[in-house]
1. Quick query: amide H of Gly256 versus all other amide H atoms, modeled in the peptide plane; which residues come in under 5 Å with a sequence gap of 5 or more or a different chain?
2. Near the amide H of Cys180, under 5 Å away, which other amide H atoms are found, from residues 5 or more places off or on another chain, if H is placed in the peptide plane?
3. What ranking do 298-305, 196-203 get when scored by the average of other Cβ atoms within 10 Å per residue, highest first?
4. What are the residues whose amide H is under 5 Å from the amide H of Leu243, where those residues sit 5 or more places off or on another chain and H is modelled from the backbone?
5. My understanding is that a pair violates if its Cα-Cα distance is over 27 Å; which of Lys94/Lys119; Lys166/Lys294; Lys119/Lys166; Lys110/Lys300; Lys119/Lys300; Lys94/Lys294 do that in this structure?
6. If we restrict to alpha carbons, what Rg and Dmax does the stretch 109-162 come to, in Å?
7. Once you sort the root eigenvalues of the Cα gyration tensor of the stretch 211-269 as a ≥ b ≥ c, which label holds: rounded (a/c under 1.5), prolate (a/b larger than b/c) or oblate (the other case)?
8. Residue by residue through the stretch 150-163, what is 3J(HN,Hα) from phi via Karplus (6.51 cos²θ - 1.76 cosθ + 1.60, θ = phi - 60°)? Round to whole Hz and write x for glycine and proline.
Amino acid sequence: EAGQIHGKKRPREDGQSSHPSKKLHYSVPLTPLSTHKTSWTPSEAKVTLNATLDRTILDDGDIRSCNLLVVDNFFGEAERSEMMKCLVGEDGLKLQEDGDAGAKIPPLSKWERSTADGKDMPTTYGPNSEVLEELMSGNSRAVREIWSRLCLMYPHYHVCLQPHNKYFVQDEKSTPNHVCYPVVGNAPIPGDQFRYHYDGDPESFPPSAWTRQYGNYVNHEPGKPLFVSALFYLCKHWRRDFLGETLFLDDGTETGIFVRPRQYRMVLMDQDCLHRICAPSNIATTPRYSIVFKLVFLAKSPNVVPSIATGHASLFQRDIPTPNPFGSTAKPIYGKRPYDHSRLEPPPHNRQNSNTSERSYSKQTPSPSPPYTPDTHSTSYSHRLEAREDSNGARGIPERLLTTKAPVIHAFVAKSQ
């Protein structure tokens, strides 16, 4: 949730497990999450919210939106208490469970004021490097169980941790300016300050190893990796008047969705979804603990429009089979029909054999290499879209800044993710 904005993400420092899975790439190594056998099935969880928000219209008239998913009963008390023990220790866990006044700040042996939503923002509590390395190592049974459940929930994807931040920095820089991790911890307390930010935006990445292989693209590009954040609330009891909600902003309508902290709750969001933490109220008796894993979803089939809005049928078809539009995504636009999220197949317009990048101004830009072929690299960069400039980077043209001129309608069906 709280963390650095574009280009300041927390990709992993090393491999995430002492027994990593087979790497899918060579130039930018992406390693699937470490898993184990589990008796859990997706039908045991419940999709409480499946929504789209913050619609963006690209220069070619294509439509993109952010997905937001709330899943309850995704994990249980065994996983929650084990992860909390990693964050606060045995003594801290007891204080946190009892709501003791001595637990109003996180234990300084494991936490430090090092996290911020921007350079000009005051710091808030974040786990130290030892805690982060333990969480991302995959050695914890609770973490492996959560990762295993994520992979079962999305069987059509390889779910990976974000790679080392050296793959996202400027090519001319020999080493990153900071150490980053693909896991973030938050323990907001009363008085903390936060602001809306993105966790990541592949359209705004600087020239780097990542852009050489995949180019610059807006999240949900067919056949490209999808950047996703998975948020887990870890407080066992969190009263409504403690506040501490996570707020999600629809930029086009200046309205939003809020999600309350709740035990055993997971929130999945596209990393380019604007969001922030609401600080706890003054009567909160403990910090509001949570962890976030920064993930990359790679579709197992080529040219699929990646989306977290659909997954294992026993979970999604039972609860909310298609995402509900909110804010700017709920408004019809020029008679266009949104792309059907429930179909895990390529969009009607097949780009696989095209020699022209549909999102590039260059007429001769070659298509990027298929994401699952080792040692294939994209030698071109996608042209950056003309878009708003702010501290959060660019993700296309916000609808409220568009003129009344209708966008170009292509022969294929426009997609709305």
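1. Here Asp250 satisfy the definition.
2. So Cys180 has HN proximity to Asn165.
3. Working: 298-305: 17.4, 196-203: 24.2.
With the highest mean Cβ count within 10 Å placed first, the list reads 196-203, 298-305.
4. Correct list: Ser281.
5. Numbers: Lys94/Lys119 35 Å; Lys166/Lys294 16 Å; Lys119/Lys166 20 Å; Lys110/Lys300 38 Å; Lys119/Lys300 38 Å; Lys94/Lys294 29 Å.
Result: Lys94/Lys119; Lys110/Lys300; Lys119/Lys300; Lys94/Lys294 exceed 27 Å.
6. In order Rg, Dmax, the Cα atoms of the stretch 109-162 give 15.0, 41 Å.
7. Values: a/c = 4.26, a/b = 1.90, b/c = 2.24.
Here the stretch 211-269 falls in the oblate category.
8. Residue by residue, the stretch 150-163 yields 4, 5, 5, 5, 10, x, 8, 10, 8, 9, 10, 6, 4, x Hz.
No lab work stands behind these numbers, since they all come straight from the coordinates. The structure presented is a predicted model; accordingly, all values stated were derived computationally and were not measured. Heads up, the Cβs are rebuilt from the backbone with ideal geometry, glycines too, and the neighbour counts pull from every protein chain shown.
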